[in-house]
């Protein structure tokens, strides 16, 4: 069953680097506007959304290597000012939108 068509049309979103934690799915996807960026899904269309545009505009941050350590999820992403960096995302995502930080 399709949860959400992130990038409608033949091109698709190229969803990859799937990682599950606490009932949520984190992934990399490209919706055709922001480039490949981090997304999350709770398994519903309404709950599937872009987390952040780490590389503003159509540039891609190409997030990958999602892993959990304690109450945080860490991943690698690239942005134009600092290059490839380690990012941290608190696991508590359901009630509050996440704030991404570099550790």
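For the stretch 13-22, give me each residue that is closer than 23 Å to residue 80 by Cβ and either surrounded by fewer than 18 Cβ atoms within 10 Å (Cβ to Cβ) or touching a residue at least 40 places away in the same chain (Cβ under 8 Å) (or both). Result: 14, 16, 17.
Within the stretch 23-35, one or more residues are assigned to a loop (DSSP other than H, G, I, E, B) and within 21 Å of residue 85 (Cα to Cα).
Every residue, every condition in (1) at pLDDT 85 or above; (2) in a loop (DSSP other than H, G, I, E, B), yes or no:
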{"residue": "61", "(1), (2)": "yes, yes"}
{"residue": "65", "(1), (2)": "yes, no"}
{"residue": "68", "(1), (2)": "yes, no"}
{"residue": "84", "(1), (2)": "yes, no"}
{"residue": "89", "(1), (2)": "yes, no"}
{"residue": "95", "(1), (2)": "no, yes"}
{"residue": "98", "(1), (2)": "no, yes"}
{"residue": "103", "(1), (2)": "no, yes"}
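Going by the conditions given, is residue 3 modelled with pLDDT under 90, in a loop (DSSP other than H, G, I, E, B) and at negative phi? Considered against the rule, which asks whether it is modelled with pLDDT under 90, in a loop (DSSP other than H, G, I, E, B) and at negative phi, residue 3 comes out as no.
Residues in the stretch 23-40 that are modelled with pLDDT under 90 and surrounded by fewer than 12 Cβ atoms within 10 Å (Cβ to Cβ): 1 in all. Taken together, the criteria exclude residue 84 from residues that are over 14 Å from the mean Cα position of the chain (by Cα) and closer than 22 Å to residue 5 by Cβ. Residue 43 fulfils the conditions (1) surrounded by fewer than 16 Cβ atoms within 10 Å (Cβ to Cβ); (2) assigned to a loop (DSSP other than H, G, I, E, B); (3) on the phi < 0 side of the Ramachandran plot except for a single criterion, (3).
The values are calculated or read from the model by the stated rules, or taken from the named source; none is laboratory data. Everything numeric here is computed off the predicted structure, so don't read it as measured data. In this analysis, Cβ positions are derived from the backbone assuming ideal geometry, glycine residues included, and neighbour counts consider all displayed protein chains.
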